[in-house]
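Please read the structure below before turning to the comments.
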Amino acid sequence: MHLTSARRTLVVTAALGLALASAPAAAQPQATASTNAPVKVSLTVKGPDGRLFKGKIKTKGHDVTTATGGTHRCDGTNGGANPSAVPTPTAALDDAARKRHFTWDGTWYASFDDFSVDTIKNVSGGGVAYWNIAVNGTSIPVGGCQFKLSAGDKVAFTWTAF
């Protein structure tokens, strides 16, 4: 009985492989439209002494310039995270800073193809804390220039002690 089951599995696997191999080349996916359309997100920045910023920001992926890190793209394509440009948390922070007239700074790490947010509104970690980035209440698993935002997302930069 076990041998019959193994033969069936082998035959089904072989048939599936042949079907996929003989599929017409025209079945290629169509080009997708740009996904870097501006989205509106809620952005909150919480420092060690409370809220530093809260507001709705319209953002999309774009080049970001910091005093320490220089100018680099921050559009979700960083590190190959997304195939095309998308809105990102760090781009949202940058847009908020420019539109609402506050400062932020970050170091660029070429090995990660991303910024590390070091200071927001003159509040830095100073070696005892870092700026955690969360979207919809969950810390993001990649850098702030790599995570794709969607309309309505809640983005939080929170000063977090080690």
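The values are calculated or read from the model by the stated rules, or taken from the named source; none is laboratory data. All of these numbers come straight from a predicted model, not from anything done at the bench. As a convention, Cβ positions derive from the backbone with ideal geometry for all residues, glycine included, and neighbour counts pool all protein chains shown. Side chains included, ligands, DNA and RNA excluded: accessible areas come from the protein's heavy atoms. Shrake-Rupley method; radii C 1.70, N 1.55, O 1.52, S 1.80 Å.
Extension gain residue 111-residue 44, at 0.36 nm per residue separation less the Cα-Cα distance, in nm? Write down the numbers at each step before the final one.
On the way: separation 67, 0.36 × 67 = 24.12 nm, distance 2.79 nm.
That works out to 21.3 nm of additional length.
What's the magnitude of the charge dipole for the range 28-162 around its Cα centre, counting Lys and Arg as +1 and Asp and Glu as -1 at the beta-carbon? Answer in Debye, nearest 20.
Numbers: 14 positive and 10 negative charges, 131 e Å.
With only Lys, Arg, Asp and Glu charged at Cβ, the dipole is about 620 debye.
In whole percent, and with a 1.4 Å probe on the protein chains, what portion of the accessible area of the range 47-93 is carbon and sulfur?
Working: 990 of 2160 Å².
Carbon and sulfur together cover 46 percent of it.
How about the range 77-162: which trypsin sites (Lys or Arg not before Pro) there lie in a loop by DSSP and see at most 16 other Cβ atoms within 10 Å?
Details: sites: 98, 99, 100, 121, 148, 154; in loops: 121, 148.
Sites meeting the loop and neighbour criteria: 121.
Tell me, what is the FRET efficiency for residue 128 and residue 54 to the nearest 0.05, using R0 = 22 angstrom and their Cβ-Cβ distance as r? Don't skip to the answer; put the middle values down first.
Values: r = 24 Å, r/R0 = 1.11.
In this case the efficiency is close to 0.35.
Once a ≥ b ≥ c are taken as the square roots of the eigenvalues of the Cα gyration tensor of the range 104-153, is the result rounded (a/c under 1.5), prolate (a/b larger than b/c) or oblate (a/b not larger than b/c)? Walk me through the numbers before you get to the answer.
Details: a/c = 1.98, a/b = 1.36, b/c = 1.46.
Oblate.
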